[in-house]
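> Pasting in a structure now, in structure tokens, and then I'll have a few things to ask.
The values are calculated or read from the model by the stated rules, or taken from the named source; none is laboratory data. Not measured: the values here are computed from a predicted model. Reconstructed Cβ throughout: ideal geometry from the backbone, glycine too, with neighbour counts over all protein chains shown.
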Amino acid sequence: MKLALSKWFPVASISDLPYRHIFQGQLLGREYAIWKADDGNINIWENRCLHRGVRLSIGTNEGFELKCQYHGWRYANRTAGCTYIPAHPADAPARTICNNTYTCQEKYGMVWTCETPIGDVPDIKGFKSFTVLRPIPINSAYKNVRNFLSSKEIPDHHMLRSKQTEFWRFKTNAGNLLSLVIQPQSGNISILRGIYNLKTTGTEKLRVLKYYNSLMTKLRDEIESQHLPKLHERNPKISKLADDLSQFPTLSDQKHNLRVSVSEKVKLSDNIVKLKLKSIKKQLPTFHAGAHIDIVLQNGLIRQYSLTNGPGETDHYCIAVKIEKHGGGGSKIISENISVGDIMAISAPHNSFPLLRNSTHIIFLAGGIGITPMLSMAKAMHSMRQSFELHHFTKSNDKEAFSHDFASFTNKVITYNDLSINQSLTTIKSLLKKPKFSNKIYVCGPGEMIQNAIKIGLEFGWNESDIHYEYFKNENEIHKNSTFKIDLARSAMSLEVPSGKSVLQILKENGVNLVSSCEQGACGTCKVRVIEGKIDHQDVFLNSLEKEGQNIMLTCVSRAKSKRLILDI
Amino acid sequence: MHAEICEDTVILNQWHPISSTDDLKNHKQITTMLLEEKITCKKNSNGKYFVWKSIDIKKKLLPIKIAYGYLWTSLGTPPTDLFSFPEFYEIDRRNVATGVFGVNISAGRTIENFLDMGHFPFVHTGVLGEEPHTEVKEYDVSICETNDEILATKCQFYQPQAAVISSKGAEVDYIYRIPHINCAILYKSSPVDKKRQDAIIIFVQPVSQEIVRAHTGMCIIDDKSADKDIRLFQQTIFGQDKPILENQFPKKLPLDSRAETPIRADKSSIAYRRWLSQKGLTYGVIPSEDNNLFEVM
């Protein structure tokens, strides 16, 4: 069937999309999963999970994410990016696994889509207010229905001329208007949809719906009697995967290529500022709970901030910044020089502090501004109805800062104000004293707090692999005084790392674009697999098990104890 | 509408299960479909089995085999032997045919679903799996060259009710065998005897490219449970899989690596797709366009 790809067609009535429902629509043989998120955004996606081809319309609408029925994969509102693969809870999906999305507009009580839109859904003259009629499916091809409507007299209706051939307009004997539009569902099925140009309610609405239901059913019967419906094979159209999804992911330097504008700047407390960042043109990439972004500040400084968004909040990014009076300057610039409307360069989200959702219960321990990645995690856990508790150690003047973020799960949050170090230790001890099967600890805050929490956890018998943490910064002193060789297994290169330079620097100088972020051994973005050689770890990202394993390193700070390292890049 | 005629010699030359011998006990004659061909089978009073194409008025007999509780036949030239399944003949085991299920999907998709552990918490919630215990740990997949079969070993998955007697969940060990393009056997530790394993079978009869009859059975060490309860359990499990299978698109199994996104948990299904590609199977699958097979795991 040849139809202009730039034409808009309706695929659903708005009433087909009640709260947390997924509607199955079809246009030109392609099936769609159509769903409205809790923020009102309507998504039109290819009706097929990328993993094993199961219809997404049999999955569940979780409010801001759609969950596949087969393996529980979750896809974010708007971007359709996969946010979670339960079979591998430790992996934030490394590649951007993204379903096919289609343009969507809401007009005349219907949801419209178009393959390659030029402009918006056209206006239909005389329909400022309207009643949406019940659609009637017809076992006949689009062109048969069209020819029929063009040639047939409809009783008590007079056809009006219209520029858009897709919209038939009729005037009733009483002077009201009817407009009909055909949705070509597949080769042999069309759906006749209509609107009536008066807003009706109550019994009047019932009368109009009943009248047009019977009129359109008569039209259907006539069309179907003229054209015998052909049996046809159900072969829905399926898009192929993008090349990068079927191949090994390549590394590329996509640093700081997103442009956002500051749409909100709010003081959450005396010391904490929240920024809301909106994309200027493109859709923002999908993020996973625990992710951070790099922000390029006006003086060239680059700083990392965790996203505090809940799952599927894909129309903006939120960060919270603590203003350090004597800090490195990043927070000062944000507090003093950045205002609403400013344009900023940011990186796509990196995630090296992923949320493992395969535990029966998570204990979150947050110190001060270390709460930020945990806001996003707690929101994700809450939306999946998983069990957790959040303990926030803070100063009393900051205690109200995040109450808005906690609003939907206040019963799971305990805030401790102005505890001394000893009081904090006692509290952490009482929280961690009973390790349970499949429970996990997440901790983020000042270095000392993390070290203490790990120590206490291990003393009480927690597995090291069940304690997850993220440092803000690496407070260890880093030496750069060794010289060694690195061999790149997949790039077939051999390079010399002299004293005074990092592995990461040498890689970049030689055109190997490894993605990096904090460059001080805290965030884990630049980690690579090591095939051979003894690593001199200097980071605070890997845990001691991973360090002993000797097969992964952070290239920004770690070096070699042996003469040579073979890296898997 | 004319039925397509199957010309794929890979599938024609296989042995195909068409009925459990239990079902033939009570019938003098039954008909079924195999590769779009109507087939009649009969067991005479001497206990001998006969199979022929229903449209063939001369009733030329098709080759038959009785094995593992099933009657097998072929529309081509089948190999002398069927795959081995020694556990079936161990005297202290019970062999229970747990039912045949008609499913509107290809044989390949049915086998893949049988091999898949990742769906347990979502499709068999509370029975074979349960959120948040969703992780599929690394396991090994190999192709045994002497028997030409795929073997997935060291598979582990958290099961809410590991055994009838235990109230707690536990990790359960699984081994999967794919000894035939449309048959698979799953072994899992027996709750009665820790050293031995129960076997669960699925033998798929391709009715057409997109319709199957899935024959299921259990070969277990359990002298307590009634046959009825064992059947009910298996029917519950399959009843949960059927609507998922019937909502998969395309219905044929795509062998092209660009068709679907695999993850590490899908190692066995990747091996299975590659194995089918190498055999040159075209029936019930969408062959790879570029002959560029999957990356070696």
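> Can you say whether B:Ser269 is closer than 25 Å to A:Asn99 by Cβ, in contact with a helix residue (DSSP H, G or I) (Cβ under 9 Å, 6 or more places away or on another chain), of a type in the set (Gly, Ala, Ser) and assigned to a helix (DSSP H, G or I), as far as the supplied structure shows?
yes
> Just name the residue that is nearest to B:Val123 (Cα to Cα) out of those in the range A:41-58 that are more than 7 Å from chain B (Cβ to nearest Cβ) and surrounded by fewer than 24 Cβ atoms within 10 Å (Cβ to Cβ).
A:Ser57
> Tell me which of these B:Leu276 doesn't satisfy, since it passes every other one: (1) surrounded by fewer than 15 Cβ atoms within 10 Å (Cβ to Cβ); (2) within 30 Å of B:Tyr89 (Cα to Cα); (3) outside the structural domain of B:Arg109 (by TED's automatic domain parsing).
Unmet for B:Leu276, out of (1) surrounded by fewer than 15 Cβ atoms within 10 Å (Cβ to Cβ); (2) within 30 Å of B:Tyr89 (Cα to Cα); (3) outside the structural domain of B:Arg109 (by TED's automatic domain parsing): (1).
> Okay, moving on. How many residues are under 15 Å from A:Asn77 (Cα atoms) and crowded, with 24+ Cβ neighbours inside 10 Å if we restrict to the range A:287-315?
Looking only at that region, the number is 7.
> Taking the stated definitions as given, is A:Thr79 β-branched (Val, Ile, Thr) and within 12 Å of another protein chain (Cβ to nearest Cβ)?
no
> Please enumerate the residues belonging to the range A:79-99 that are at pLDDT 90 or above and closer than 19 Å to A:Val11 by Cβ.
Of everything in the range A:79-99, just one residue is at pLDDT 90 or above and closer than 19 Å to A:Val11 by Cβ, namely A:Ala80.
> Please enumerate the residues belonging to the range A:420-461 that are farther than 27 Å from A:His292 by Cα and either outside the structural domain of A:Ser387 (by TED's automatic domain parsing) or in contact with a Pro (Cβ under 9 Å, 6 or more places away or on another chain) (or both).
If the condition is that a residue be farther than 27 Å from A:His292 by Cα and either outside the structural domain of A:Ser387 (by TED's automatic domain parsing) or in contact with a Pro (Cβ under 9 Å, 6 or more places away or on another chain) (or both), then A:Phe460, A:Gly461 are the ones that fit.
> For the range B:173-194, does any single residue satisfy the condition of being at pLDDT 95 or above, in contact with a strand residue (DSSP E or B) (Cβ under 9 Å, 6 or more places away or on another chain) and of a type in the set (Lys, Arg)?
Checked against the condition, which is being at pLDDT 95 or above, in contact with a strand residue (DSSP E or B) (Cβ under 9 Å, 6 or more places away or on another chain) and of a type in the set (Lys, Arg), the range B:173-194 yields at least one hit.
> Could you run through the range B:245-257 and say how many residues are in contact with a helix residue (DSSP H, G or I) (Cβ under 6 Å, 6 or more places away or on another chain), facing chain A (nearest Cβ under 7 Å) and touching a residue at least 12 places away in the same chain (Cβ under 8 Å)?
Of the residues in that region, 2 qualify.
> Continuing with this model, one more query. Is there any pair with a first residue in the range A:210-222 that is in contact (Cβ under 8 Å) with a residue 40 or more places away in the chain and a second that is aromatic (Phe, Trp, Tyr) and surrounded by 14 or more Cβ atoms within 10 Å (Cβ to Cβ) whose Cβ atoms are under 7 Å apart and which are 6 or more apart or on different chains, and what are they?
Filtered contacts from the range A:210-222: A:Tyr212/A:Tyr196.
> Identify, please: which residue in the range B:258-279 is among the polar types (S, T, N, Q) and closer than 16 Å to B:Phe120 by Cβ and is, among those, nearest to the other protein chains (Cβ to nearest Cβ)?
B:Ser269
> Suppose we keep only residues that are in a loop (DSSP other than H, G, I, E, B) and among the acidic types (Asp, Glu) within the range A:94-136. Which one would you say is nearest to A:Lys527 (Cα to Cα)?
Of everything passing the filter in the range A:94-136, A:Glu115 is nearest to A:Lys527 (Cα to Cα).
> Right, B:Gly217: farther than 27 Å from B:Val103 by Cα and outside the structural domain of B:Leu34 (by TED's automatic domain parsing) or not?
Judged against the criteria, B:Gly217 is not a match.
> Moving on. Tell me which residues, restricted to the range B:112-157, are within 10 Å of another protein chain (Cβ to nearest Cβ) and at pLDDT 95 or above.
Matches in the range B:112-157: B:Glu112, B:Asn113, B:Asp116, B:Met117, B:Gly118, B:His119, B:Phe120, B:Pro121, B:Phe122, B:Val123.
> Go through (1) touching a helix residue (DSSP H, G or I) at 6+ places or on another chain (Cβ under 8 Å); (2) within 28 Å of A:Lys274 (Cβ to Cβ) one by one and return the number of the condition A:His404 breaks.
Against the list (1) touching a helix residue (DSSP H, G or I) at 6+ places or on another chain (Cβ under 8 Å); (2) within 28 Å of A:Lys274 (Cβ to Cβ), A:His404 comes up short only on (1).
> Considering each residue of the range B:8-29, count those that are assigned to a strand (DSSP E or B) and under 26 Å from B:Pro179 (Cβ atoms), and give that number.
Summing the residues that are assigned to a strand (DSSP E or B) and under 26 Å from B:Pro179 (Cβ atoms) in the range B:8-29 gives 5.
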